[in-house]
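The values are calculated or read from the model by the stated rules, or taken from the named source; none is laboratory data. Keep in mind that this is a model prediction, so the values were computed, not measured. Glycine gets a Cβ as well: all are built from the backbone with ideal geometry, and neighbour counts include every protein chain shown. With ligands, DNA and RNA removed, areas are computed over all heavy atoms of the protein, side chains included. Shrake-Rupley method; radii C 1.70, N 1.55, O 1.52, S 1.80 Å.
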Amino acid sequence: MLVCKNLKKIFVEGNESICILDDINFNISKGETVSIIGSSGSGKSTLLHVLSSLEKADSGEILLDDSLITSLTENELCAIRLNKIGFIYQFHHLIKELNVKENIALPLIIKGEDVDDIESKTNDIIDQVGLSERKNYQIDKLSGGERQRVAIARAVVHKPKIIFADEPTGNLDKVNANNIFSLLKDLVNYNQSSLIMATHDLDIAVLLDKKYSIQNGDLIKIKD
Ligand SMILES: Nc1ncnc2c1ncn2[C@@H]1O[C@H](COP(=O)(O)OP(=O)(O)OP(=O)(O)O)[C@@H](O)[C@H]1O
Ligand SMILES: [Mg+2]
């Protein structure tokens, strides 16, 4: 589903340059789930952003479902993101001017899907994430767990082939974190998507098929 070869990402701050991803090789197959752990600042978000084409790599290749995304134009990347990728951001990135339903429908609206399809797909996913009673709420009226459900619903509404989840259970208590993780896992199974999830929660990290750690720019496999 996704293969990356010799991936490098360097950040330059002033006259210092830091190699956050140093020659990373990685692959994930269809339907597989992978967790990425690592201390704060180790590069988990950076890896997810680069693999999902939100940020450019400095060198290396990323092949997503037969498209060499490291050599595509911005327009081509937009189409890939809308059709194949779901992203759950570390800090939600929900649009507070829109209500729950509108936030969730956004990828389908941008894709230009038929109005009736948008309505039925959005309502289905709202039911699946348990937000039927909240669909007309503004985002700032929701609890942290509810916002995370909206973010998950928005990331899966278009049935992407691969989902990137950046600490989807961060900032939640243990019970809510476990609930949100099982919800995400169920949706991933249901759609047969692949999942790459960054997390600090080691109890959750072991529940995925494979586990990696980022340390000093290296991606190290911990569990197969
Ligand atoms: N745009 C940028 N410019 C310069 N440095 C950056 C930029 N983005 C990230 N960094 C640096 O890269 C390092 C890795 O950041 P990243 O956000 O990937 O870490 P993380 O593992 O996700 O951390 P956390 O667990 O706190 O979310 C950090 O030291 C950060 O300061
Ligand atoms: Mg992060």
Looking only at region 105-112, decide whether some residue is closer than 24 Å to residue 198 by Cα and buried (at least 21 other Cβ atoms within 10 Å of the Cβ).
yes
From 32, 61, grab the single residue that is modelled with pLDDT of 95 or more and farther than 28 Å from residue 170 by Cβ.
61
Test each condition in (1) free of Cβ contacts under 8 Å to residues at least 60 places away in the same chain; (2) surrounded by 12 or more Cβ atoms within 10 Å (Cβ to Cβ); (3) more than 25 Å from residue 1 (Cα to Cα) for residue 181 and report the one that comes out false.
(3)
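Could you list, in sequence order, the residues of region 32-52 that are in a loop (DSSP other than H, G, I, E, B), more than 12 Å from ligand 2 (Cβ to nearest atom) and buried (at least 24 other Cβ atoms within 10 Å of the Cβ)?
Of all residues in region 32-52, those in a loop (DSSP other than H, G, I, E, B) come to 32, 38-43, 52.
Pick out the ones that are also more than 12 Å from ligand 2 (Cβ to nearest atom) and you get 32, 52.
Across region 32-52, the qualifying residue is only 52.
Given the criterion within 26 Å of residue 63 (Cβ to Cβ) and more than 16 Å from ligand 2 (Cβ to nearest atom), identify the matching residue among 206, 157, 150, 175. Steps first, answer last, please.
Values: 206 fails: within 26 Å of residue 63 (Cβ to Cβ); 150 fails: within 26 Å of residue 63 (Cβ to Cβ); 175 fails: within 26 Å of residue 63 (Cβ to Cβ).
None of the others qualify; the one that does is 157.
Given the criteria more than 24 Å from residue 85 (Cα to Cα), modelled with pLDDT under 95 and open to solvent by 60 Å² or more (accessible area, probe 1.4 Å), does residue 203 qualify?
Details: more than 24 Å from residue 85 (Cα to Cα): yes; modelled with pLDDT under 95: yes; open to solvent by 60 Å² or more (accessible area, probe 1.4 Å): yes.
Taking the combined requirement at face value, the residue satisfies it.
Take residue 5 and decide whether it is within 13 Å of ligand 1 (Cβ to nearest atom), in a strand (DSSP E or B) and not aliphatic (A, V, I, L, M).
Values: within 13 Å of ligand 1 (Cβ to nearest atom): no; in a strand (DSSP E or B): yes; not aliphatic (A, V, I, L, M): yes.
The answer is no for residue 5.
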Going through region 169-224 one residue at a time, which ones are of a type in the set (Val, Ile, Thr) and under 22 Å from residue 129 (Cβ atoms)?
169, 175, 180, 188, 196, 199, 204
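Looking at the structure I just gave you, is residue 50 at negative phi, of a type outside the set (Asp, Glu), touching a Leu at 6+ places or on another chain (Cβ under 8 Å) and more than 12 Å from ligand 1 (Cβ to nearest atom)?
Numbers: at negative phi: yes; of a type outside the set (Asp, Glu): yes; touching a Leu at 6+ places or on another chain (Cβ under 8 Å): yes; more than 12 Å from ligand 1 (Cβ to nearest atom): no.
No: the conditions fail for residue 50.
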